[in-house]
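Input: a single structure, listed below in structure tokens.
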Amino acid sequence: MSKFPLWFAAFRLERCLTRRPSALPILPCLLPLLAQPAWAAAGHGASMSQAGWLLAMLVTALWLRGRQQRRKARATLQDACLGLLEFDLARQYVRGSVHTLQRLLGLPAHTRGMDCARWLTLLHPEDRPRFGELLRQPPQMPEAGYEMRIRHYSGHWEWLEMSLQPTWRAGKVSALTAICRVITARKHSEAAMMRREQQFRTLVENSEDIIARYDLELHCLFINRSVSRFSDLPLEEHLGKTPREKGWTDEASTRFEMECRQLINNWEARSFELELYKDQQRHIFEIRLFPEFDSAGMLKTILSVDREVTASRQGERLLAEENAVLEMIAGNHPLPQTLNQICQMMESQQPRGLCSIMLLDEDGAALRFAAGLSLPPAYRKEVERVAVGPSAGSCGTAAHWKRTIVVDDIQESPLWAHARHKAQPFGLRACWATPIFSSDRRLLGTFATYYREPRSPTPEELALAHRSTHIIAIALQRHGHEKQLFRLATQDSLTELSNRRQFIELADREVERSRRNHGPLTVLMMDLDHFKDINDLHGHALGDDVIRHFAQLCREVLRASDLCGRLGGEEFAAVLPDTRLEDALLVAERLRAAVAASRLPTDDGELGYTVSIGAAMRLPAESDIDEVLSRADKLLYQAKRAGRNRICADLDAPAANAPLSG
């Protein structure tokens, strides 16, 4: 019965050691316990062969364990492409363990070693001198991570990593033991990663976008060189600074900080726009913020990608505002309102600019102020009328030379010598003006931009000014066409007096006003005497001259508040508001006398003509101009029958403001 426990204990020990290597350290503790039954058996007279048998089982278990570990080690070396080499420095010979050189370099399986000279020939030319120096002066301490390239038996290069362990003998290093590992795949991966990183850095450094990295306190950790286009700070001085410390405006800094706080709180990307300035020029940026996390998944840094979108945003805004202006033009808005809208449109594109529009007078000798509400009112009054000349400020000079005139400093420009005192009180220091031309290249006026600091326009600003002049020209030409159509519809083309339709419409308004206010109103009907004879004897051209001459006399004799029109042919009419018949007769007599005294030159000498006039004052019961005109027309023909060149009036008619009898 005593043999069974011993055999069973040895069997379980062998199984434990071969299957669970961690049980090996407890072996010294188990030996006395396993031997105890044998001693007990000896005390009872048992044979000592049982203890020997137990020890044999223990040795067998240890041997099995060692063999299993060696097999696993070889498998591990093979799987990891590891090998053990020994460099015998005294003999200059390299020895490898079984299959090491085959596994590392692809050499035949029987190759167990080679001399160091041959080993050096297998090394890459760039690594050969360094390793040769290592053999001549071996390291005194263990050295890990030694890398080199060596030619494989198939012809390609393999990367080896060595961990060197010096072996001392007689006070010096006699050999180097090297654990070698093939790291070709890792080196290729590192090289690919370096190439990708280099490509990434190349893209980042050459990107037109500003790419920056900030810590969670918004200190700049990295920024690419694109920032140099928009900042005067040297590139290295951006590092360690917050946007506010870089000189951003309070508004921009506050917005950036707010967006970063949102990202830090939510861990979500942000996108927004900011306006920054450099050299007094505005830049609009579309800023995108991205969170960056560490290996533990915690927010570490903020990546900022800033793209300048000034041109596109200004283009979009300009297009929208241009459409609004064109709608105003198409909708027949008042010209001053349209021109002021154009100035506001241009000022939105140039935030610090003050824009104005001046229009050329009909005589072409001066410009008159037409729009520019951003300029101080007192200055607008100072430049209400500007002469056109070769040295007449920015606008007058631009109109004279018909080209853009740039004055970057009004206080220093000779063009402003005569008007410098006008701009100085208002802090206006720069002004450039662009002429406005019609589609047929007629000068219409000038467009000007003022600044409160000395500066010159950028090419983009000049292009913008030229673009604005085209829109201004459209507005002016549309206004001119509307005026022309209005004249054609309301004015007599020969005399530029109101035509019959316009005269009747305006006269009805005056009659209504007279009736409402109980004020007097007198109507004159006028007809040129023997006008048919003038046409027949002297021709229609001279007849037209006579018509125009009479119209001019009407403008000279009548008041500005009086209404005068040509009803047709040689027949004219005038409405004199707030005028009694007695006073109207005085006006009519002055006109008749001026006509009778006139002489027009002809090919045969001078030509005189006369006019007959009928005068009638509105009666209290009359509410229509046709009624008054009808009575005045009858009086006109009375004057004709009475001998012409005279005035006939109904002096017995009651005044319009006289009380009606019951």
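The values are calculated or read from the model by the stated rules, or taken from the named source; none is laboratory data. Since this is a predicted model, take the numbers as computed values, not measurements. A quick note on method: Cβ atoms are made from the backbone with ideal geometry, for glycine too, and the neighbour counts reach across all protein chains shown. Calculation scope for accessible area: heavy atoms of the full protein, side chains included, ligands and nucleic acids excluded. Shrake-Rupley method; radii C 1.70, N 1.55, O 1.52, S 1.80 Å.
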- Note on the structure: Here, ASP544 and GLN484, labelled 7 Å along Cα→Cβ, have an inter-label distance in nm of 1.8 nm
- Measure nothing but the geometry: give the 0 to 90° angle between the long axis through the Cα atoms of 310-330 and the longest principal axis through the Cα atoms of the chain, rounded to 10°. 20 degrees
- Sequence neighbours fewer than 8 away in the same chain don't count; with that in mind, list the aspartates and glutamates whose C-alpha is under 12 Å from LYS172. none
- the chain: calculated mean residue ellipticity at 222 nm from DSSP helix runs of at least 4, using -39500 (n - 2.57): -14500 deg cm²/dmol
- Query: What is the gain in length, in nm to one decimal, between SER154 and ASP408 on full extension, counting 0.36 nm per residue of separation less the C-alpha to C-alpha distance?
  - Reply: 83.8 nm
- Please report how far the C-alpha centroid of segment 567-620 lies from that of segment 153-172, rounded to the nearest whole angstrom. 128 Å
- So which of LYS381/LYS483; LYS278/LYS381; LYS241/LYS278; LYS278/LYS402; LYS483/LYS532; LYS402/LYS422 end up more than 30 Å apart, counting from Cα to Cα? LYS278/LYS381; LYS278/LYS402; LYS483/LYS532
- Note on the structure: Which of (i) 69.2; (ii) 27.4; (iii) 32.9 gives mean projected area of the Cα convex hull in nm² as computed here? It is (i)
- For an R0 of 41 angstrom, estimate the FRET efficiency from the Cβ-Cβ distance between SER391 and GLU571 and round to the nearest 0.05. 0.20
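Place the peptides 330-341, 497-508 in order of packing, highest mean first, counting for every residue the other Cβ atoms within 10 Å and averaging per peptide.
Details: 330-341: 15.3, 497-508: 18.1.
Packing order, densest peptide first, comes out as 497-508, 330-341.
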- The answer for the chain, accessible area per residue at 1.4 Å probe in Å², is 54 Å²
- Between the helical axis of 459-490 and the dominant principal axis of the chain, each derived from Cα atoms, what acute angle in degrees is found, rounded to the nearest 10? 30 degrees
- Task: On a 0 to 90° scale, report how tilted helix 49-79 is relative to the longest principal axis of the chain, with both axes built from alpha carbons and the result rounded to the nearest 10.
- Result: 30 degrees
